[in-house]
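These notes concern the structure reproduced below.
The values are calculated or read from the model by the stated rules, or taken from the named source; none is laboratory data. Here the structure is a predicted model, which means the values were calculated and not measured. Backbone-built Cβ (ideal geometry, glycine too); neighbour counts: all protein chains shown.
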């Protein structure tokens, strides 16, 4: 049932004297509010929504996702957004192989009214048979399981100031150049299991650092560090092995005075233990969930951390 919003309207009284009357105008129910495509012009509203739910505003990340992905949202008649999310598609344009869902948020005043479920069902319907993935917090996981998502893995979030130390890995790392981009794209598609050109080509502008590891002139890994509030987020992190992954993280840390933050697949136990020895602390776990596939494509043994959990 629609609610009513009462507004005071000035009307003409006797002999032209103004008088106030209270008029109630029906407000559409949440189920009647349309879902629309968000654009970079909605950046402030998305950041406001994050803040409303107690998250950091993360305007830099929102701007990236609204450009590289497809934002969806519901406008609040009283201003701002009722809810929002972003879907990032990978693979052939118009025929994606995989969709990553992230930044699923509902305004506090509209929580527990079925809005998030409605938005997610809209995503499932619009994506058709395209397999989907997302990182779920313990709070959001029950809804995703209800909709048919299955837990296929876990990621551990670490943050802290990196403390250098230990023996030199012997892995050569350096800042990436424009000439490295084709090799980065080839390696990323091989490891991730599908083409992410639309995302990876935006990294040089989005990240403060983009670094590569090489051996005998061949690219064996790459990573980026991008600014998020007072930290540098390490991701994506693609590497031939754990030794290469360690070298890439250490090379990023050597070129920033900010704390690091990253989300590492829990199967990479050696890297997690090493990162904790180097000063990073565990702050949260997220469930990696899939819909329409039993596991993510690609080679998890070389996929250590996502660009962001919101985009896979």
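Listing for the model above:
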| item | result |
| --- | --- |
| Qualifying residue in segment 176-195 (condition: under 30 Å from residue 118 (Cβ atoms) and in the same structural domain as residue 257 (by TED's automatic domain parsing)) | yes |
| Tabulated pairs, segment 195-216, first at positive phi, second modelled with pLDDT under 95 and in a helix (DSSP H, G or I), C-beta under 6 angstrom, 6+ apart or interchain | none |
| Residue list for segment 190-220, filter: assigned to a helix (DSSP H, G or I) and in contact with a helix residue (DSSP H, G or I) (Cβ under 7 Å, 6 or more places away or on another chain) | 191, 197, 198, 199, 200, 206 |
| In segment 28-54, the residues that are at pLDDT below 85 and surrounded by 15 or more Cβ atoms within 10 Å (Cβ to Cβ) | 30 |
| Of residues in segment 141-154 being surrounded by fewer than 18 Cβ atoms within 10 Å (Cβ to Cβ) and not in a strand (DSSP E or B), the one nearest to the chain's Cα centre (by Cα) | 141 |
| Some residue of segment 154-168 being in contact with a strand residue (DSSP E or B) (Cβ under 9 Å, 6 or more places away or on another chain) and over 25 Å from residue 208 (Cα atoms) | yes |
| Enumeration of residues in segment 155-189 that are part of a strand (DSSP E or B) and either exposed (fewer than 14 other Cβ atoms within 10 Å of the Cβ) or without any contact (Cβ under 8 Å) to a residue 40 or more places away in the chain (or both) | 174, 175 |
| Residues that are surrounded by fewer than 20 Cβ atoms within 10 Å (Cβ to Cβ) and closer than 23 Å to residue 221 by Cα, drawn from segment 280-294 | none |
